[in-house]
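Trainee: Have a look at the structure that comes next, please.
The values are calculated or read from the model by the stated rules, or taken from the named source; none is laboratory data. Worth saying up front: this structure is predicted, and the values here are computed from it rather than measured. Quick reminder, even Gly has a Cβ in these numbers, built from the backbone with ideal geometry, and neighbours come from all protein chains shown.
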């Protein structure tokens, strides 16, 4: 799972792990209680920003630990950040904040808004932009951590998430983001889609597929994967196709296959098959894992043949 893959070794600090764990848990619990939906740069937003900075720091440490109990439920595992998010009923708020942080960017980047924000926070306009991007990055990370658990995927409004991902893929395609932001945002969207794909049989799959069709998410996603893959590593690209493979193997996906993989999608898949897909499928451990993707490729060739 790319930069968020759990390491095999975890260096302990000089302090007692049990003490640190309890202290961090108390910090995260307290910080979550302060979080609420608030306009960007407002006093409540600044509290959210401070809370996310502290929570994301702990979440990043949890992500770095060995994954010793991958099959356990969230409530049986040692990691506590996501459990506390769910217990405090903040998951929907996090998704709302994440959605607003993207959809309001054009307004936020207005010169007058940034000047006012700088005065409120006692910093320059440039520093206010940096704070905004850091806030959004921490939101993306925390939400990614939540989606690593099926309990979170089952709770969120998947229609809202799919629509958000579609809009973000569109932003990447239209070059509305600078290179650094595009790389980070693309990577997080891939992880979101990956977690939906691998959990597709455990969630409301029909709702997900309907949202994908309605938002044109699949076409936008494939466009990013094939035409903007320079933004991500090969490892992340493989993760993307693992998620897509799992998604395409679901009954809900297969039931409406012609609607999802239309001529435009089929053309992208077939035209990038030799250069992008076949090298990945040639990796022994990926070939079996991605067998549904092979079926999707074959279907795409059939779609193109039918056009001739």
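Per-residue answers, yes or no, for (1) under 19 Å from residue 143 (Cα atoms); (2) at pLDDT 95 or above; (3) touching a strand residue (DSSP E or B) at 6+ places or on another chain (Cβ under 6 Å); (4) in a helix (DSSP H, G or I):
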| site | (1), (2), (3), (4) |
| --- | --- |
| 11 | no, no, no, no |
| 23 | no, no, no, yes |
| 28 | yes, yes, no, yes |
| 36 | yes, yes, no, no |
| 41 | no, no, no, no |
| 55 | yes, yes, no, yes |
| 85 | yes, yes, no, yes |
| 101 | yes, no, no, yes |
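Trainee: Pick out the one residue from 90, 126, 47 that is surrounded by fewer than 17 Cβ atoms within 10 Å (Cβ to Cβ), modelled with pLDDT of 95 or more and touching a helix residue (DSSP H, G or I) at 6+ places or on another chain (Cβ under 9 Å).
Mentor: 47
Trainee: On to the next question. Check whether at least one residue in segment 135-157 is free of Cβ contacts under 8 Å to residues at least 40 places away in the same chain, within 20 Å of residue 101 (Cβ to Cβ), assigned by TED's automatic domain parsing to the domain that holds residue 114 and within 16 Å of the chain's Cα centre (by Cα), and report yes or no.
Mentor: yes
Trainee: While we're on this one: Here is a check on your reading of the model: is residue 140 touching a helix residue (DSSP H, G or I) at 6+ places or on another chain (Cβ under 9 Å) and in a loop (DSSP other than H, G, I, E, B)?
Mentor: Taking the combined requirement at face value, the residue does not satisfy it.
Trainee: Continuing with the same structure: If you go through segment 297-304 one residue at a time, do you hit one that is within 22 Å of the chain's Cα centre (by Cα) and in a helix (DSSP H, G or I)?
Mentor: For segment 297-304, residues within 22 Å of the chain's Cα centre (by Cα) and in a helix (DSSP H, G or I): absent.
Trainee: Here is a follow-up. Taking the criterion of being surrounded by fewer than 13 Cβ atoms within 10 Å (Cβ to Cβ), closer than 21 Å to residue 187 by Cβ, in contact (Cβ under 8 Å) with a residue 12 or more places away in the chain and touching a helix residue (DSSP H, G or I) at 6+ places or on another chain (Cβ under 6 Å), would at least one residue in segment 282-290 satisfy it?
Mentor: Checked segment 282-290: no residue is surrounded by fewer than 13 Cβ atoms within 10 Å (Cβ to Cβ), closer than 21 Å to residue 187 by Cβ, in contact (Cβ under 8 Å) with a residue 12 or more places away in the chain and touching a helix residue (DSSP H, G or I) at 6+ places or on another chain (Cβ under 6 Å).
Trainee: Output yes when any residue across segment 247-261 is within 16 Å of the chain's Cα centre (by Cα) and not in a loop (DSSP other than H, G, I, E, B), and no when none is.
Mentor: Checked segment 247-261: at least one residue is within 16 Å of the chain's Cα centre (by Cα) and not in a loop (DSSP other than H, G, I, E, B).
Trainee: Follow-up. Which of the following residues is over 19 Å from the mean Cα position of the chain (by Cα), at negative phi, in the same structural domain as residue 287 (by TED's automatic domain parsing) and crowded, with 18+ Cβ neighbours inside 10 Å: 217, 265?
Mentor: Unique residue meeting the criteria: 265.
Trainee: Out of the residues in segment 143-173 that are outside any helix (DSSP H, G or I) and modelled with pLDDT of 95 or more, which is farthest from residue 80 (Cα to Cα)?
Mentor: It comes out as 157.
Trainee: Still on this model: Considering only segment 174-198, how many residues are more than 14 Å from the chain's Cα centre (by Cα) and either closer than 18 Å to residue 99 by Cβ or outside any helix (DSSP H, G or I) (or both)?
Mentor: Qualifying residue count, segment 174-198: 5.
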